[in-house]
1. Condition check: hydroxyl-bearing (Ser, Thr, Tyr) and free of Cβ contacts under 8 Å to residues at least 40 places away in the same chain. Does Tyr293 satisfy that?
2. Residues of the range 84-115 being aliphatic (A, V, I, L, M), crowded, with 21+ Cβ neighbours inside 10 Å and within 22 Å of Asn259 (Cβ to Cβ), which ones?
3. Need the failing condition index for Glu287 against (1) more than 21 Å from the chain's Cα centre (by Cα); (2) of a type outside the set (S, T, N, Q); (3) at pLDDT below 95, just the number.
4. Before we move on, is Arg346 more than 30 Å from Gln52 (Cα to Cα), in a helix (DSSP H, G or I) and open to solvent by 10 Å² or more (accessible area, probe 1.4 Å)?
5. Among the residues that make up the range 76-83, is at least one of them under 14 Å from the mean Cα position of the chain (by Cα) and either closer than 20 Å to Arg538 by Cβ or open to solvent by 10 Å² or more (accessible area, probe 1.4 Å) (or both)?
6. Of everything in the range 249-299, what is polar (S, T, N, Q), over 29 Å from Asp93 (Cβ atoms) and in a loop (DSSP other than H, G, I, E, B)? Give them in sequence order.
7. I'd like the full set of residues that are open to solvent by 80 Å² or more (accessible area, probe 1.4 Å) and of a type in the set (D, E, K, R), limited to the range 241-273.
8. Would you confirm whether or not the range 85-93 contains a residue that is touching a residue at least 12 places away in the same chain (Cβ under 8 Å), part of a helix (DSSP H, G or I) and under 19 Å from Tyr506 (Cβ atoms)?
Amino acid sequence: MSSKPHEPVPTDVAERLRPTYLSVDELLNDLEHEVVRGGARLFAGPTLEERQIAPEHRKIALAISGGGAAGAYSAGALETLLGHMHAHNQRPDIILGTSAGALNGYGVFLEALGKDNPQLRQNPDIKQPFSTFIASIWSYLDRNKNTSEWIVGRRSWMIDLATRGVSTPLRRWGLALALLFGVFVFNPFLFVSLIFFLGLESWLPPLMRNWGSAGGPALQLAVLGGLSLVGLAVTSFVLKRMFFTSFFRDTPLLQLLSNTGPGGDLSKPRHWSREHSLDRARVLSRELVAEWYKRQDELPELIITATDITVGRECLFTLVRPETYRHLVRNGWLAVQLDCDDDKARQCDAIPGALFTRGQNLLQCVIASTAVPGAFPSQELGIYGPGSRNDVRHRFVDGGVLNNSPVHLAIDASASHVISIELDPLIVTDPLSADDRNEVFNFLETGITTFTTLLRRAIERDIRRTVTWNRFLTENPSAALERSKGKLVPGEASFNRELKRIIPLYRIAPAVREIGTAEFDGRFEKGRRTTTLRDVLRRGVLDLRGNHIWRATLQSVPLPEGQAPPK
């Protein structure tokens, strides 16, 4: 039996879905419409139709992926995008962020609450030319070309060494002298042996030169061996104290976040203890969560992704309304709602599988989403079930480990339109392309590149999954009805509608990646030219002033010239 031919997609719908680059204004026009399954026609099955979406049914999601220092590009894109949305009386309804995307998402959320630090607008020494809070933060941190001090504190030299290496003679000689000093301090045996080997024993004190005749080689060997053991013990103790949990500490970033609120001071990096920073962060977190619960009907929802290494699952820290939380739990996500003493926080108690964490943990949830394993310490947070405040302690690391793309998560949260802000170019990689990097990768560069590759592939996987469903639905308009049979929940109109339409998907990404994951203070590209975070930030602003938004609803990436799209 021959299969039934597919119905052609109507012209107006085809134009609305056509893969192409859009300007911001064209994107905002798209956000006013939806493509849904229409009614059945005589002697034909259902087809697709385009119509204007009702405001109460529209749910615009900003899905902001991670990428370390390259997150400055997302902040620049948000500067232009949010400015145009405000001018068109639109706003994001749900903000989703992973890793650096969680930091950017938190900045957008903070500004929506009206709780951002006024120093960025009022203090002449800090005031920035950008209109959005998050773009102003990135710009201010890069003002003195020492952004890494705000991220990792006094260990910023490690970031500098990992990203710039020993590219100048001064750096090479400095590293050589540092290694020689380390040998002298922590291993006298090797140092003295090197002196004798080079014939420079005249440099040694008389007592050490005469050891061979005064006490014999045995005494000399015993003394130097003992000193070496002491040096090794001291070295082990120092390294354990400095790097027992991670290369970097989370205190500098915690200090920065705790000063982003109205009462904070962004004039210089702080040097409080971790306990002091954590106390200030908890106070600000409680204030923000309480404010959201009071005005939740007019404010965007927030989802921060992390990886729960206690149970080995993706975890979502959420500040969402009950209907959204119910969708997430039903779709199998480990969602942990930020709690509050307000009665409205109890609305999620009746949802099977609901989990909570205290509202004071909001900023620590953001820190957890950025905790790259090994680079930053894992975050310990308590979670509990409905009707209980007995914390069960779990440990969390970077959300990008298992899910660097919040796109599919946005769909499961019932978004009607998804805007994905990413940090890697939208290109189809040539499998025969050669690696033009002539330098030898050190272990830090290899680790950073590997982690970045994993993040990029996670995004591509989720994008392709969404695009595949959209293509299937355009060819089989009745498939959504078949998929939803027996699964409709009375009284949940938004959930029922979610299964009957295409998900419009828009991708914003740079043409080239100008800065690496850890290059917070820029890098040497050619000679002494440096790319800074402000350059990347401005690139994000300028890109969205042109046609730079890819309508990816039916085709995830632009194809090379001359190549036909898949059928």
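The values are calculated or read from the model by the stated rules, or taken from the named source; none is laboratory data. Remember, predicted model here, so these are calculated numbers, not experimental data. Cβ coordinates were reconstructed from backbone atoms using ideal geometry, including for glycine residues, and neighbour counts include every protein chain displayed. The area values use the complete protein model at the heavy-atom level, side chains included, leaving out ligands, DNA and RNA. Shrake-Rupley method; radii C 1.70, N 1.55, O 1.52, S 1.80 Å.
1. no
2. Ile95, Ala100, Ala102, Leu103, Val108, Leu110
3. Of (1) more than 21 Å from the chain's Cα centre (by Cα); (2) of a type outside the set (S, T, N, Q); (3) at pLDDT below 95, only one is false for Glu287: (3).
4. For Arg346, the condition - more than 30 Å from Gln52 (Cα to Cα), in a helix (DSSP H, G or I) and open to solvent by 10 Å² or more (accessible area, probe 1.4 Å) - is met.
5. For the range 76-83, residues under 14 Å from the mean Cα position of the chain (by Cα) and either closer than 20 Å to Arg538 by Cβ or open to solvent by 10 Å² or more (accessible area, probe 1.4 Å) (or both): absent.
6. Passing the criteria: Ser267, Ser273.
7. Across the range 241-273, the qualifying residues are Arg241, Arg249, Lys268.
8. Yes, the conditions are met somewhere in the range 85-93.
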